[in-house]
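Have a look at the structure below, then the notes.
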Amino acid sequence: MELHHLHQTLRYSAGYTYQMQPPDAYGRVWFANNQRGKYIRIDTDTASSELSDLFTKVYNLSTPGVIMSVLGSLLDFNVSPALEKIIQRGIVKAAITTNGWITTFGYNAGYCKLIGEAMKINNSAVPCIGFCSWGCLPPEAKEKMCIPKKKRKDQQAREYSCKYPRINIPPKSAHENLEPNHSHYVLSDTGKLYDWGNESYLRTAWEAYMKNEHKIPAVMIVIQGGTGVCRALYEGLKSGTPAVLIFGSGGVCDAVVELVRHFNSSWKTIANNSICQCDGE
């Protein structure tokens, strides 16, 4: 697979007129903790089949046994240290056992940071893919990750290397850094700045494609979560994707568990065996 078959939106403008051209930001990014990951900036509407080929034919990842789609809170994330250890140990162990790929939103905040740190703590080689919004990354990071024009010709995604700058993100900023312990970053681009949420469409479409076209099972793992996670959980369950709710993490997880307990005293099955509880026991 050649990267010129992938396209991205490049131009930001007040009139929202954009120019499409092959990717100019891809390669390997190194972080201050000496961790590194592969990244590519692509258009939000990139075909899921092309994204699948990118992982298997360009990045040479083995076909996963399961896709573990982790969802949760990015802001106001507060989980007890004991539960954090259970989550981090359990998710990595499950991924190794099932030959799974882990997906998150890849930001250095909330549940994504928790999952990234799990990769580092367990020295895991499990593919951990972060779907992020290009428009929400700090300008300094985007500048470093774009390949200089003189180096773009005939470059391949695995060849260009850059250092991620040290950037302090103030509270309630419109930007967010990449979490440094993910193995891959898919940077979804609509051509708009601060376009939070567009990465979700790309990720959801790709996960559905892998499930429906390649018959690779998927499972949602939900940690805390707010209204957006509640919506994603509902849509996932409606499509037949099972979910593991981390009880005790708060937010949507605890609310759904308590609701199910109220209406189902046996707490064995709900929604055609689609939800199971995890409370560290």
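Of the helices (runs of 4 or more DSSP H) contained entirely in the stretch 47-126, those carrying at least 3 residues that are closer than 22 Å to P180 by Cβ and open to solvent by 50 Å² or more (accessible area, probe 1.4 Å) fall at 81-98, 110-121. The set of residues in the stretch 255-281 that are modelled with pLDDT of 55 or more and surrounded by fewer than 17 Cβ atoms within 10 Å (Cβ to Cβ) comprises A255, E258, L259, R261, H262, F263, N264, S265, D279.
Whenever a residue of the stretch 76-102 is more than 11 Å from A118 (Cα to Cα), its partners that are open to solvent by less than 40 Å² (accessible area, probe 1.4 Å) and polar (S, T, N, Q), lying with C-beta atoms within less than 6 angstrom and at least six residues away or across chains, give the pairs V79/S249. For the stretch 21-37, the set of residues classified as open to solvent by 40 Å² or more (accessible area, probe 1.4 Å) and either touching a His at 6+ places or on another chain (Cβ under 9 Å) or of a type in the set (D, E, K, R) (or both) consists of Q21, P22, R28, Q35, R36, listed by residue number. Among the residues of the stretch 214-227, those that are more than 11 Å from G251 (Cα to Cα) and either touching a residue at least 40 places away in the same chain (Cβ under 8 Å) or surrounded by 15 or more Cβ atoms within 10 Å (Cβ to Cβ) (or both) comprise H214, I216, P217, A218, V219, M220, I221. Can you name the residue in the stretch 162-187 that is in a strand (DSSP E or B) and within 11 Å of the chain's Cα centre (by Cα) and, of all such residues, is surrounded by the most Cβ atoms within 10 Å (Cβ to Cβ)? Among residues in the stretch 162-187 that are in a strand (DSSP E or B) and within 11 Å of the chain's Cα centre (by Cα), the one surrounded by the most Cβ atoms within 10 Å (Cβ to Cβ) is L187. Out of all the residues in the stretch 149-161, is one or more buried (at least 18 other Cβ atoms within 10 Å of the Cβ), under 19 Å from Q35 (Cβ atoms) and over 20 Å from the mean Cα position of the chain (by Cα)? Checking the stretch 149-161: at least one residue is buried (at least 18 other Cβ atoms within 10 Å of the Cβ), under 19 Å from Q35 (Cβ atoms) and over 20 Å from the mean Cα position of the chain (by Cα).
Within the stretch 234-253, the set of residues being open to solvent by less than 20 Å² (accessible area, probe 1.4 Å) and at pLDDT below 90 comprises G236 only.
What's the total number of residues in the stretch 127-148 that are farther than 17 Å from N198 by Cα and either aromatic (F, W, Y) or buried (at least 24 other Cβ atoms within 10 Å of the Cβ) (or both)? Residues that pass the stated criteria total 2.
The values are calculated or read from the model by the stated rules, or taken from the named source; none is laboratory data. Everything numeric in this text was worked out from a predicted model, so none of it was measured. Heads up, the Cβs are rebuilt from the backbone with ideal geometry, glycines too, and the neighbour counts pull from every protein chain shown. Side chains are part of the model used for accessible areas, which takes the heavy atoms of the whole protein and leaves out ligands, DNA and RNA. Shrake-Rupley method; radii C 1.70, N 1.55, O 1.52, S 1.80 Å.
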